[in-house]
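Laboratory data are not the source of any read-out in this text; all were calculated from the coordinates shown. Remember, predicted model here, so these are calculated numbers, not experimental data. Virtual Cβ from ideal backbone geometry, glycine too; neighbours counted across all protein chains shown.
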Ligand SMILES: NC(=O)c1ccc[n+]([C@@H]2O[C@H](COP(=O)([O-])OP(=O)(O)OC[C@H]3O[C@@H](n4cnc5c(N)ncnc54)[C@H](O)[C@@H]3O)[C@@H](O)[C@H]2O)c1
C-alpha cells in the first residue's frame with residue numbers, strides 16, 4: 001500500500017509554510033495554496049502539490065516577484081488590461097477574476113487580460129469563482145511551448161488551457177477545464193518511467209511524426225494538439241491552442257508562442273498572458289439556469305453505450321473525485337510525493353507534511 005491520506009488543511013498549511021519560508025507574503029502563499037489544493041481535490045494531481053517545488057524555486061531564485069500587487073494599466077467599464085508585475089500566477093488570477101466579476105455585475109460583462117503573469121495552476125479555479133455570483137466564468141492562459149502544430153515539427157504552443165464554468169440550478173454547474181494538447185506532459189513522463197509505450201495520438205517525434213515511443217516525444221519531439229494528427233482532426237486542437245494566444249499573448253502584449261521561456265527553464269521571467277471573463281446571464285434571456293439544468297440532465301440521463309458507464313458532463317468527473325475525498329476525509333497522495341515534499345521541507349527548514357494514519361487502497 002503506497003498511498004496515504006492527508007487532511008486538506010494540512011496540505012494547505014504545508015504549501016503556505018514552504019512559500020513563506022522562501023519569502024512569499026502570507027496572503028500570496030495562501031492564494032497559491034488555495035489553487036493547488038483545489039487542483040488535487042478535483043483530481044488534477046499534475047496541477048497541485050506536485051508542482052510546489054516549481055513555485056518555491058520561482059520565489060527562491062527571485063525570478064518571480066514576491067512584493068507588490070497587480071496594477072490596472074488600461075480600463076473601460078467592461079475591460080481592463082492588468083500588469084501582473086511578475087507576481088505568482090494565483091495572485092494575478094484572483095485580482096483579474098475579481099475585477100472581471102465586478103465589471104460583469106455593473107455592465108453585464110467583464111473582460112480582463114493580464115500580462116506579466118506566471119503559472120497559475122488549474123484554469124478552472126478562476127472560471128469557477130464566477131459561479132459563486134451566478135455568473136459564467138471563462139479563463140485562458142498561455143504556457144511554455146510543448147505542443148507541435150499540425151504539419152510542424154517544432155513546439156510552438158503551450159498546453160494552453162481553456163476553462164468555461166456556467167451555473168445551473170441548486171449549486172450544479174458545467175465546468176469545462178481542459179488543456180488544448182491531447183494529454184498533459186506528465187502522462188507521457190509517467191509512461192516513460194514505467195517503460196510503457198504511449199497510445200497513438202499523444203505525441204510526436206522530432207520529425208513531427210506521431211510516435212508511440214515516449215522517449216522520442218520527450219527528447220526533441222512534443223505533445224500534439226487535441227485530436228492528434230491531421231487525419232483525426234488535430235488541426236482543430238491546434239486552432240484552439242492558437243485561439244488561446246489571441247486572447248492572451250496577443251491582447252495582453254505578453255510573451256507568446258515559442259517566445260515564452262522553455263518549460264521548467266527559469267532563466268528569464270515568464271511574462272505569461274492570461275484572460276479572465278465574467279458574463280452575467282441576467283443581461284440575456286431569462287431562465288438561463290433552468291435551461292442549463294435541462295441540458296445537463298438531458299445528457300446525464302442518456303442511455304449509455306456501455307451499461308454501467310454513465311454519460312457525464314464536464315465537471316462531473318471532478319465532482320466524483322471531490323466526493324471521494326470527502327468520504328475519505330482527506331486527499332490521497334502517493335507516498336513518493338510525500339517523501340519528495342518532506343525532503344524539500346527539510347531543505348527549507350519547515351515542519352514536514354504530516355499524513356494521517358489512514359492508508360488508502362490503490
Ligand atoms: N496552468 C497551466 O499552464 C495549465 C496547462 C494545461 C492544463 N492545465 C490544467 O490541467 C488540468 C487538467 O487538464 P486536462 O485537459 O488533462 O483535463 P481532463 O482531460 O482530465 O478533463 C478535461 C475536461 O473534460 C471533462 N471530462 C472528463 N471526462 C469526461 C467525460 N467522460 N465526459 C464529459 N466530460 C469529461 C472534465 O470534467 C474537464 O472539464 C485542468 O485543470 C487545466 O486547467 C493547466
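Numerical summary
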item	result
Rule-of-thumb Rg ratio for the chain [Cα; 2.2 N^0.38 Å; N residues]	0.99
Measure of compaction for region 289-362 (Cα Rg per 2.2 N^0.38 Å)	1.71
Stretch gain in nm, segment residue 193-residue 306, where the contour uses 0.36 nm per residue and the Cα spacing is subtracted	37.5 nm
Region 114-219: projected area of the alpha-carbon convex hull, averaged over directions, in nm²	8.4
Separation of the residue 267 and residue 54 label points, Cα + 7 Å toward Cβ, nm	1.9
For region 183-223, average projected area of the Cα convex hull in nm²	2.2
Whole-Å semi-axes of the ellipsoid equivalent to region 29-122 (Cα gyration tensor, √5λ, descending)	26, 17, 8
Helix-only mean residue ellipticity at 222 nm for the chain, each DSSP H run of n ≥ 4 adding -39500 (n - 2.57), per residue, nearest 500	-11000 deg cm²/dmol
Theoretical FRET efficiency, 1/(1+(r/R0)^6), r = Cβ-Cβ of residue 106 and residue 289, R0 22 Å, to 0.05	0.55
Debye-sum result for region 221-362 in log10 I(q)/I(0), which assumes one identical scatterer on each alpha carbon, at q = 0.14, 0.17, 0.18 Å⁻¹	-1.28, -1.21, -1.18
FRET efficiency for residue 326 and residue 361, using Cβ-Cβ distance with R0 set to 25 Å, rounded to 0.05	0.95
Peptide ranges 223-229, 287-293 listed from the most packed, as the mean C-beta count within 10 angstrom indicates	223-229, 287-293
Calculated FRET value between residue 219 and residue 98, using beta carbons and R₀ = 35 Å, to 0.05	0.25
Rg(Cα)/(2.2 N^0.38 Å) for region 272-329, N = residue count	1.58
